[in-house]
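Take a look at the structure set out below.
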Amino acid sequence: MHAALKLDVVIVGAGLAGIATAFRLSQAGHRVRVLDEHEMRERGRTAVHLPPNGARILVDWGFKGDLESRGHKIRYSMFRNMETGDMIGPQEWREDVMRELGSDYYFMHYHDLYTMLYDAAINAGARIHPNTRAVNVQTNPPRVTLSDRTILEADLIIGADGSQSLVKRVMCGEGDVKPEGHTLFTGIIPTNLMKDDAELARMAETNRQEWQFWPGTSRHTDGVLMRNGTEFALHIHYPNEETLSHETDGWNDEPWRGPRPKAGNTKLQRLIDLCPEMHAQKLFTREAPENWTDESGRLLLIGNAAHPVFPGWGYSCAIHLEDAEVLGTLLARISHASQLPTLLEGFQELREPHLRFIRDTSWPRFFETVMLPPGPERDARDAVLRRPHEGKTWDDSMLRRQFDTFVGAFGYNARDVAENWWTTWGRLLRQRSRGTLHGASGPMCSVPSFHVTMEEAVHVRASEL
Ligand SMILES: Cc1cc2nc3c(=O)[nH]c(=O)nc-3n(C[C@H](O)[C@H](O)[C@H](O)COP(=O)(O)OP(=O)(O)OC[C@H]3O[C@@H](n4cnc5c(N)ncnc54)[C@H](O)[C@@H]3O)c2cc1C
């Protein structure tokens, strides 16, 4: 669907949120420019989760073939004690439950997903500008100042510049930042290195639709095959007090040079030692901004800039695809400039409660499950995990329980929520814009009316970049 009013949109940040949004807004007919301070295509350290809510969006966007050829589908989570290596039990991701949720759970190399969306954004018409750093943003009219003093004018500026967002800082300050307590170590093992080790070789068999878990005491590890079984991605959450990790977060390029995490069991330790290199990043809890849009309704935060989540988390890719889908669906319907602030408010209204729900339920529940000291709570967890291992068959109530556990997060349908919102509010918006304003076409902010503070600043309409 093409919007009746075409907007000039500048997206600051070509991460997953920025690129996916550029794709959807370009598809809706808007003129989209994406700026990133880095050279971008070569990024990604590990596998990214594609739970059903993310995978469904990729299928809707036409990537079913890529998902199946590049993604690794999961049917079982295999739980082993991190200290001893002993099997606790497999959890099956039941086919009938996944069918009800509309998709399976996949993993894909972050780089493969990223380049797929990057190419799609360009094919849809977006222009992407690497090595282009934003140093300020302002509104009335909306504009971005670049480090070379160019001032880009647009109808809408989107801050997709990550958890340490400049756009967020300008809009509402940094907010509280606290260490979460763990460091995330990641490593990729070429599976041909695993094939000489009888115990590890089993995990490298490409037909195994398994996600390996090693829950431990205040730490845990998980691992999964990717790239048609040629690579095994390892993620280790390790307590800060037992490592000398970096003081900052982010997927930096430098490999980790300090001592590697200690597994406790020799099989997992061999896997850790097989990683040609590891990367480490400390986890921080960041306060989310209260408002994702400013008073002018021409500045919007999305992705980690709006709702920061931990890297490598199960939802940390799907929620950015959802942002892109909701915003793309809403902005495909814009017909008058006066509708923009309400549409942006609608975006936050549709996204924030859902994101709060998964942040407040899923992360604590996940940690409570995989990081338990020995004791009654761990015994109770292990008893539940052991049940299918001991030959108990699935009955209707077990299926129902699994569906209920998943449906809150995985059942969110980004396109439906946006379309439903439009059905409720769209007519009112159209009536209001017809009644109060005239001339629904052409650029929304035609003449720069602001004071130029930098003497040599060069003003450029974003679409001319
Ligand atoms: C280099 C890199 C590698 C990653 N690898 C993985 C991985 O292997 N596995 C995984 O699960 N997740 C990975 N992530 C994902 C990340 O953790 C996020 O969850 C995800 O990309 C969505 O976040 P985002 O788009 O909101 O922000 P980000 O991905 O952080 O992207 C923000 C972008 O904004 C740019 N930027 C910031 N400030 C400015 C500015 N002032 N001017 C211009 N540009 C600016 C940054 O260069 C960055 O490209 C990676 C991210 C990056 C940036």
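The values are calculated or read from the model by the stated rules, or taken from the named source; none is laboratory data. Note that this is a predicted model, so its numbers are computed, not measured. All Cβ positions, glycine included, derive from the backbone under ideal geometry; neighbour counts span all protein chains shown. Heavy atoms of the whole protein, side chains included, go into the accessibility calculation; ligands, DNA and RNA do not. Shrake-Rupley method; radii C 1.70, N 1.55, O 1.52, S 1.80 Å.
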- From VAL170, VAL177, grab the single residue that is among the β-branched types (Val, Ile, Thr) and away from the ligand (no atom under 13 Å from the Cβ). VAL177
- Is it fair to say ASP86 is open to solvent by 50 Å² or more (accessible area, probe 1.4 Å), touching a helix residue (DSSP H, G or I) at 6+ places or on another chain (Cβ under 7 Å) and not basic (Lys, Arg)? no
- Note on the structure: The helices (runs of 4 or more DSSP H) lying entirely within segment 41-145 that contain at least 2 residues which are among the aliphatic types (A, V, I, L, M) and more than 11 Å from the ligand (Cβ to nearest atom) are 52-60, 95-101, 110-124
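Residue-by-condition table, conditions (1) free of Cβ contacts under 8 Å to residues at least 40 places away in the same chain; (2) surrounded by fewer than 19 Cβ atoms within 10 Å (Cβ to Cβ); (3) touching a Cys at 6+ places or on another chain (Cβ under 8 Å):
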residue	(1), (2), (3)
ARG24	no, no, no
GLN27	no, no, no
LEU35	no, no, no
HIS38	no, yes, no
ALA47	no, no, no
LYS64	yes, yes, no
ARG99	yes, yes, no
TYR114	no, no, no
- Identify all residues within segment 146-167 that are closer than 22 Å to LEU25 by Cα, more than 10 Å from the ligand (Cβ to nearest atom) and among the acidic types (Asp, Glu); write none if there are none. GLU153, ASP155
- Item | Candidate set from segment 251-270 (those that are in contact with a Gly (Cβ under 9 Å, 6 or more places away or on another chain) and among the small types (Gly, Ala, Ser)); member that is surrounded by the most Cβ atoms within 10 Å (Cβ to Cβ) | ALA263
- May I ask you to list pairs of residues, at least six apart or on different chains, whose Cβ atoms are under 7 Å apart, with the first in segment 312-323 being hydroxyl-bearing (Ser, Thr, Tyr) and within 8 Å of the ligand (Cβ to nearest atom) and the second being open to solvent by 10 Å² or more (accessible area, probe 1.4 Å) and at pLDDT below 95? SER316/VAL309; SER316/PHE310
